[in-house]
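> Structure provided below as structure tokens; questions to follow.
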């Protein structure tokens with residue numbers, strides 16, 4: 001029933017490990033996003049994919065690699081985790097359309113990553 | 001570079017009060033502005049979406065206004081309830097290519113006291 005789902009909800013891991021977060025949407029949307037929310041609650045976009053093609057790649061370390069196997073899924077893989085990677089990661093999706101008015105974004109529940 | 005700021009950072013009001021949350025942005029060339037609500041440990045819920053050509057949008061006890069020329073938006077909540085307690089975020093979608101990139105404000109943490 002959930003529109004945008006993420007797994008896991010919580011992730012606790014040691015520095016240096018590699019981990020993945022998965023996102024799925026059943027809304028039929030073409031575009032998916034990853035956002036990072038830091039400890040001060042500031043939300044910033046990391047990546048966006050449209051029909052499996054990367055269209056936004058903000059200044060994010062190349063340890064972060066998004067993968068979109070199909071347009072309903074956008075996974076985030078993080079190599080060599082660092083303390084500063086601790087944050088809440090949100091996935092979102094939006095319907096197809098021109099870069100205009102109605103591309104409302106729908107967010108998942110978030111994945112809280114804690115790096116020890 | 002677009003920057004979005006929200007004032008106040010935190011607000012506590014007694015139940016029943018009307019209140020206003022403020023959002024300002026530095027570049028008026030926006031497609032639209034969206035207000036979200038975030039509950040602790042949960043994702044974002046879209047509340048209102050205002051197109052750049054609109055002045056306001058209403059949904060129930062919520063009314064959002066947009067003044068593009070001055071780079072401001074307000075979210076008015078009437079007759080506040082404890083269930084309104086949450087973090088409220090505004091976000092703007094810039095012009096600039098075909099991307100659907102949202103730039104978020106810093107958020108206002110609202111507590112409505114019963």
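> Could you tell me the relative contact order of segment B:8-114? Use alpha-carbon pairs under 8 Å, at least six residues apart, and round to a whole percent.
Value for segment B:8-114: 37 percent.
> To continue, here is another question. Sort segment B:37-103 into rounded, prolate or oblate with this rule: let a ≥ b ≥ c be the square roots of the eigenvalues of the Cα gyration tensor; rounded if a/c is under 1.5, and if a/c is not under 1.5, prolate when a/b is larger than b/c, oblate otherwise.
Because a/c hits 1.5 or more and a/b fails to exceed b/c, segment B:37-103 counts as oblate.
> Shifting gears a bit: So what is the diffusion coefficient of segment B:4-69 in µm² per second by Stokes-Einstein at 4 °C and 1.567 mPa s, using a Kirkwood Rh over Cα pairs?
The diffusion coefficient I find is 96 µm²/s.
> For the protein assembly as shown, state the semi-axes of the equivalent ellipsoid (square roots of 5 times the eigenvalues of the alpha-carbon gyration tensor), sorted largest first and rounded to whole angstrom.
Those come to 29, 21, 16 Å.
> Summarise the partner chain shielding of A:42-49 as one whole number: the mean count of Cβ atoms from other chains within 10 Å of each residue's Cβ.
Mean inter-chain Cβ contacts per residue within 10 Å come to 4.
> Enter the per residue convex hull volume of chain B, computed from alpha-carbon coordinates, in Å³ rounded to the nearest integer.
Normalising the Cα hull of chain B by residue number yields 95 Å³.
> Please report Rg (one decimal) and Dmax (integer) in Å for the Cα set of segment A:1-75.
Over segment A:1-75's Cα set, Rg and Dmax evaluate to 12.9, 36 Å.
> Is there a simple number for the mean count of other chain Cβ atoms within 10 Å of the Cβ of residues in B:33-39, and what is it?
2
> Where both partners of a DSSP beta bridge lie in the protein assembly as shown, what percent of those bridges are antiparallel, to the nearest 5?
90 percent
> Which of A:111, B:5, B:58 comes first, and how do the rest follow, when ranked by fewest Cβ neighbours within 10 Å?
Least crowded to most crowded, the residues run B:58, B:5, A:111.
Throughout, read-outs are computed from the coordinates displayed, never taken from laboratory work. All of these numbers come straight from a predicted model, not from anything done at the bench. Virtual Cβ from ideal backbone geometry, glycine too; neighbours counted across all protein chains shown.
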